[in-house]
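The next block holds one structure in the form of structure tokens; read it before the comments.
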Amino acid sequence: QVQLVESGGGLVQAGGSLRLSCAASGIIFSSNANAMGWYRQAPGKQRELVAAITSGGNTNYADSVKGRFTISRDNAKNTVYLQMNALKPEDTAVYYCHAVEVISGYEYNYWGQGTQVTVSS
């Protein structure tokens, strides 16, 4: 059973930084057949992709966070991180860890429980 456990959310002032962590279990973290990412959902808005990283380290970012957020992964610790700098009030949302794994041609998606990030102005 795949489990994703996020940590690191909280309240921070605009311009500050936070680092989110997502510890994964039940998934072959270093496999070429998976990718990890962070999504967020603000009140009244759809969930959106923030950043993603493949097992090989290729990354993808939403335009709104480019240059401010950095996604990384430690395959030895089965953990993915999201370093968030220069935070803005519009970054306030629940942040969800996501994993996708392809097995025998089928795509399996997994989600963490979410962690709240609040940026005050």
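Looking only at the range 2-24, which residues are among the hydrophobic types (A, V, I, L, M, F, W, C) and in contact with a Gly (Cβ under 8 Å, 6 or more places away or on another chain)? Please lay out each step first, then the result.
Kept after step one, since they are among the hydrophobic types (A, V, I, L, M, F, W, C), are these residues of the range 2-24: 2, 4-5, 11-12, 14, 18, 20, 22-24.
Result: V2, L4, V5, L18, L20, C22.
If you go through the range 19-34 and keep only what is in a strand (DSSP E or B) and open to solvent by less than 70 Å² (accessible area, probe 1.4 Å), you end up with L20, S21, C22, A23, A24, S25, N34. Criterion applied to L82, L87 was being surrounded by 18 or more Cβ atoms within 10 Å (Cβ to Cβ), in a loop (DSSP other than H, G, I, E, B) and either of a type in the set (S, T, Y) or modelled with pLDDT of 95 or more (or both), and the one residue passing it is L87. The single condition among (1) touching a residue at least 60 places away in the same chain (Cβ under 8 Å); (2) within 19 Å of T115 (Cβ to Cβ) that A23 does not meet is (1). As a summary of the residue check, G16 satisfies the conditions (1) assigned to a strand (DSSP E or B); (2) of a type outside the set (S, T, N, Q); (3) surrounded by 14 or more Cβ atoms within 10 Å (Cβ to Cβ) except for the one numbered (1).
Which of the residues spanning the range 101-121 are part of a strand (DSSP E or B) and touching an Asp or Glu at 6+ places or on another chain (Cβ under 6 Å)?
Of the residues in the range 101-121, the ones part of a strand (DSSP E or B) are 101-103, 106-111, 115-120.
Correct list: Y108, T115, V119.
Residue-wise test of (1) within 17 Å of G114 (Cβ to Cβ); (2) open to solvent by 60 Å² or more (accessible area, probe 1.4 Å).
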{"position": "M36", "(1), (2)": "yes, no"}
{"position": "Y39", "(1), (2)": "yes, no"}
{"position": "P43", "(1), (2)": "yes, yes"}
{"position": "Q46", "(1), (2)": "yes, yes"}
{"position": "T54", "(1), (2)": "no, no"}
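The numbered conditions (1) among the polar types (S, T, N, Q); (2) surrounded by fewer than 19 Cβ atoms within 10 Å (Cβ to Cβ); (3) in contact (Cβ under 8 Å) with a residue 24 or more places away in the chain are all true for S72 except (3).
The values are calculated or read from the model by the stated rules, or taken from the named source; none is laboratory data. Not measured: the values here are computed from a predicted model. No Cβ is skipped: glycine too gets one built from the backbone with ideal geometry, and neighbour counts run over all protein chains shown. Accessible surface areas use protein heavy atoms only, side chains included; no ligands, DNA or RNA. Shrake-Rupley method; radii C 1.70, N 1.55, O 1.52, S 1.80 Å.
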